[in-house]
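To keep things clear, I will list the structure first and then write my remarks on it.
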Amino acid sequence: MIGYPIQHSLSPWIHEQFLKRTNHNGVYTIFEIAPEDNFEDEMIKLREQELDGFNVTVPYKEKIIEYLDDIDPYAKKIGAVNTVKCKDGKWIGYNTDGIGYVRSLESKYPEIQTVKDCTILMLGAGGAAKGICHALVDKGYTSITIANRTKEKAQLLTEQHPSNQAISLEDAAQRVNEFDIIIQTTSIGMKPNTEEMIIPFTSLKQGAIVSDIVYQPIVTKFLQHAKEMNASIHLGHTMLLYQALYAFEIWTNLEPNMKHLDDELQHVLEG
Ligand code: NAP
């Protein structure tokens, strides 16, 4: 994995579990590239390694694109790459974040796959939200409303997908009880600011699913509050797991058994 800073990344732990669960021989390691390093020189060094692939994280998800030989159409649409497959000397770029998120949600709540016109509210329009939005649309979800502090960014996501709508965070707070699925994608509520919530809410639609991609803490204030209102919740660390799973599948064509792995990752995160 390349990125900076990545000393505390959980990806090596996750991929070690996938390797064990598939009885596959392999090593997943980190290769930190500091902002002051010459990125081009580091890419030459990486080309010299015999790799099956690598992950790319902040701040290089866009920068890596000019070093690729090919790019998957979905990653191209998003304009960011987090997974590279090395095959016959060629580097092919993918983005597994959004697809990983949708797989994590559908594996926890398989019933949502049969109601693609369920109403979805997405809070946030940053990098993660963009990938999730594209993946939801690709999977056939047709009713997505996006609310963001900077409304223009939410509007950009609706331009690419005209069936989506953009609203303000204030409107989202007013209308929150209209939605079947609410996805919190902003950094609000993340440690150390664990008492913060992106919007206040006093009621939710019956049967609503509330998801938060923040995973530190595991159960954010937003999710705690939703739980108190009898909503079903979906935890952010499962996105981490499923985006890694999709990358592992791209590199190895193997499908690890995922049983209880989300609980094990939760224990690791809780120290
Ligand atoms: P990003 O591109 O920087 O986007 C940040 C988002 O948060 C934007 O929508 C931004 O709104 C909003 N925001 C930030 N501060 C705000 C504030 N004070 N009030 C209202 N809105 C605010 O970041 P990202 O990459 O999308 O990541 C977002 C969060 O998701 C982070 O906490 C990250 O750790 C987490 N994440 C989790 C996973 C996972 O695997 N579970 C994967 C990726 C990211 P503006 O557009 O108005 O600035």
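The values are calculated or read from the model by the stated rules, or taken from the named source; none is laboratory data. The model shown is predicted, which means the values in this text are computed figures rather than measured ones. Here the Cβ is made from the backbone with ideal geometry for all residues, glycine too, and neighbour counts use every protein chain on show. The accessibility values were calculated without ligands, DNA or RNA, using every heavy atom of the protein model including side chains. Shrake-Rupley method; radii C 1.70, N 1.55, O 1.52, S 1.80 Å.
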Subset of the stretch 2-53, residues under 20 Å from D97 (Cβ atoms), in a loop (DSSP other than H, G, I, E, B) and polar (S, T, N, Q), comes to S9
Those helices (runs of 4 or more DSSP H) completely within the stretch 205-271 that have 1 or more residues that are closer than 19 Å to K108 by Cα and away from the ligand (no atom under 16 Å from the Cβ) are 221-228, 261-269
Select, from A129, A75, A125, the only residue that is in contact with a strand residue (DSSP E or B) (Cβ under 8 Å, 6 or more places away or on another chain) and more than 19 Å from S163 (Cβ to Cβ). A75
Does the stretch 90-107 contain any residue that is open to solvent by 10 Å² or more (accessible area, probe 1.4 Å), part of a loop (DSSP other than H, G, I, E, B) and among the hydroxyl-bearing types (S, T, Y)? no
Note: among K76, K61, just one is over 30 Å from E178 (Cα atoms) and either without any contact (Cβ under 8 Å) to a residue 40 or more places away in the chain or part of a strand (DSSP E or B) (or both), namely K76
Regarding L156, is this residue part of a helix (DSSP H, G or I) and more than 14 Å from L123 (Cβ to Cβ)? yes
When you look at G131, is it in contact with a helix residue (DSSP H, G or I) (Cβ under 6 Å, 6 or more places away or on another chain) and on the phi < 0 side of the Ramachandran plot, yes or no? yes
Given I188, I198, I182, which one is among the aliphatic types (A, V, I, L, M) and either more than 12 Å from the ligand (Cβ to nearest atom) or modelled with pLDDT under 95 (or both)? I182
Looking at Q243, Q206 in this structure, which one is in the same structural domain as I132 (by TED's automatic domain parsing) and either out of contact with any Pro (no Cβ under 9 Å at 6 or more places or on another chain) or open to solvent by 10 Å² or more (accessible area, probe 1.4 Å) (or both)? Q206
